[in-house]
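Chemist: Here you go, one structure.
The values are calculated or read from the model by the stated rules, or taken from the named source; none is laboratory data. Nothing here was measured: the structure is a model prediction, and the numbers come from that model. Here the Cβ positions follow ideal geometry from the backbone for every residue, glycine too, while neighbour counts run over all protein chains shown.
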Ligand SMILES: C[S@@+](CC[C@H](N)C(=O)[O-])C[C@H]1O[C@@H](n2cnc3c(N)ncnc32)[C@H](O)[C@@H]1O
C-alpha cells in the first residue's frame, strides 16, 4: 500500500527505516531471508556477486575496498574471498553484528565492519580512503540527499580510485504492476519520497510483521551531477535487462539461477545498471 505522510520529516523517515533495517538484518541473515541471501551456500564457498560486477571491478586482490550500506556483509565477504582488504559500513548495528558472524562462519578473519551513516562515512572512518568504493545493490533509494551521499563517497575514495554503483534503473523504479499491466506510478521529476506499509521484505516476502518504509526516487542526472560536483569523472554506465531479484514474480522469469528478466511479450526495458566513476587525482 503506497501512501504519503508529509508531516514526517526526512530524518524521521530515515529513523523509521533504520528501525526496519535492524530487524531485517536478523531476518535476512538467520530467518526467512536466509535463502534469498544464500547464506549456507556462501559459507560453503559460493560467491554472491553478479558476474558483471566481478568483470567490471577487475582484479581486486590486495586492494582496499569499502562497501557502503553493506547490510549483512554477503557481498563484502565475497570481495574478501577474492583477495580485497575489505571494510563494510552500515547504520544498523544488527547488520554489523550479522556481518561479523558471517565472516566468522566463512573463516574470514581480516574483514572489518563499521556501524555508521553513509553520509558521515568520512568521520566514521577517520578520514581513511580506499582504492575501491562500492555501494552494492539497493542502496540509493534509502538516501534522501544524493549530494550528501556523493560528498561522502568522494571523501572516502582515494585519488585515482573508483566508485562502483549497481542499482535498479529509474525506469523500473517508477513502475507498478496493476492487474498484470506495468504502469508508471509517479512523476519522475522531484526526487520525491514514497512510503509503503506492507508485510515482508524483498528477501523475506512472507515475513508477517507490518512495517512502513520510505524510499527516495533517483534519476541518472541526479546521481551523475552529484558525483561530478564532488570530483568524480564518469567512466562507464551500463544498462541490463536482467535483475538479481524479482520485483513481480507474475511478470518475471528466471534468466539463469539467481537472475530474472521480463517474460516474453512485455516491453524490454533496462532493469538494472552499473556505473563506474573515477575520483580525480
Ligand atoms: C537493501 S540493503 C543493501 C543490500 C546489499 N547491497 C546486499 O545486496 O546485501 C540496504 C542497506 O542500507 C543500509 N542503510 C540505509 N540507509 C543507510 C544510511 N543512511 N547509512 C548507512 N546505511 C544505510 C540499511 O541498513 C541496509 O542494510
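Chemist: Within the range 168-183, is there a residue that is under 22 Å from residue 16 (Cα atoms), outside any loop (DSSP other than H, G, I, E, B) and either touching a helix residue (DSSP H, G or I) at 6+ places or on another chain (Cβ under 7 Å) or at pLDDT 90 or above (or both)?
Modeler: Checked against the condition, which is being under 22 Å from residue 16 (Cα atoms), outside any loop (DSSP other than H, G, I, E, B) and either touching a helix residue (DSSP H, G or I) at 6+ places or on another chain (Cβ under 7 Å) or at pLDDT 90 or above (or both), the range 168-183 yields at least one hit.
Chemist: Another question, if that's okay. Find the residue count for the range 19-40, including only residues that are surrounded by fewer than 16 Cβ atoms within 10 Å (Cβ to Cβ), part of a helix (DSSP H, G or I), more than 13 Å from the ligand (Cβ to nearest atom) and touching a residue at least 60 places away in the same chain (Cβ under 8 Å).
Modeler: The qualifying residues number 1.
Chemist: Return only the number of the condition from (1) farther than 30 Å from residue 160 by Cβ; (2) surrounded by fewer than 16 Cβ atoms within 10 Å (Cβ to Cβ); (3) in contact with a strand residue (DSSP E or B) (Cβ under 9 Å, 6 or more places away or on another chain) that residue 97 does not satisfy.
Modeler: Unmet condition: (2).
Chemist: Next question. Just wondering, is there one or more residues in the range 94-104 that are more than 21 Å from residue 153 (Cβ to Cβ) and without any contact (Cβ under 8 Å) to a residue 12 or more places away in the chain?
Modeler: Taking every residue of the range 94-104 in turn, at least one turns out to be more than 21 Å from residue 153 (Cβ to Cβ) and without any contact (Cβ under 8 Å) to a residue 12 or more places away in the chain.
Chemist: With respect to residue 43, is the statement that it is within 12 Å of the ligand (Cβ to nearest atom), surrounded by 13 or more Cβ atoms within 10 Å (Cβ to Cβ), closer than 18 Å to residue 96 by Cα and touching a residue at least 40 places away in the same chain (Cβ under 8 Å) true?
Modeler: Against the criterion (within 12 Å of the ligand (Cβ to nearest atom), surrounded by 13 or more Cβ atoms within 10 Å (Cβ to Cβ), closer than 18 Å to residue 96 by Cα and touching a residue at least 40 places away in the same chain (Cβ under 8 Å)), residue 43 does not qualify.
Chemist: Taking the condition outside any loop (DSSP other than H, G, I, E, B), at pLDDT below 95 and within 14 Å of the ligand (Cβ to nearest atom), does residue 88 pass?
Modeler: no
Chemist: Now a separate question. Read through the list (1) more than 11 Å from the ligand (Cβ to nearest atom); (2) in a loop (DSSP other than H, G, I, E, B), then give the number of the only condition that residue 48 fails.
Modeler: The failed condition is (1).
Chemist: For the range 143-152, state whether one or more residues are buried (at least 20 other Cβ atoms within 10 Å of the Cβ), part of a loop (DSSP other than H, G, I, E, B) and in contact (Cβ under 8 Å) with a residue 40 or more places away in the chain.
Modeler: Yes, the conditions are met somewhere in the range 143-152.
Chemist: Determine the pairs where a residue that is in contact (Cβ under 8 Å) with a residue 24 or more places away in the chain, located within the range 194-209, has a partner that is part of a strand (DSSP E or B) and loosely packed, with under 14 Cβ neighbours inside 10 Å with Cβ atoms under 8 Å apart, the partner being 6 or more residues away or on another chain.
Modeler: Listed pairs, sorted by first residue: 194/2; 195/2; 195/3; 196/2; 196/3; 197/3.
Chemist: Failed condition for residue 188, given (1) touching a residue at least 12 places away in the same chain (Cβ under 8 Å); (2) surrounded by fewer than 13 Cβ atoms within 10 Å (Cβ to Cβ); (3) over 19 Å from the mean Cα position of the chain (by Cα), with all others met?
Modeler: All conditions are met except number (2).
Chemist: Hey, another quick one. Residue by residue through the range 28-58, note down the ones that are at pLDDT below 95 and over 30 Å from residue 162 (Cα atoms).
Modeler: Within the range 28-58, 30, 31, 32, 33, 34, 35 qualify.
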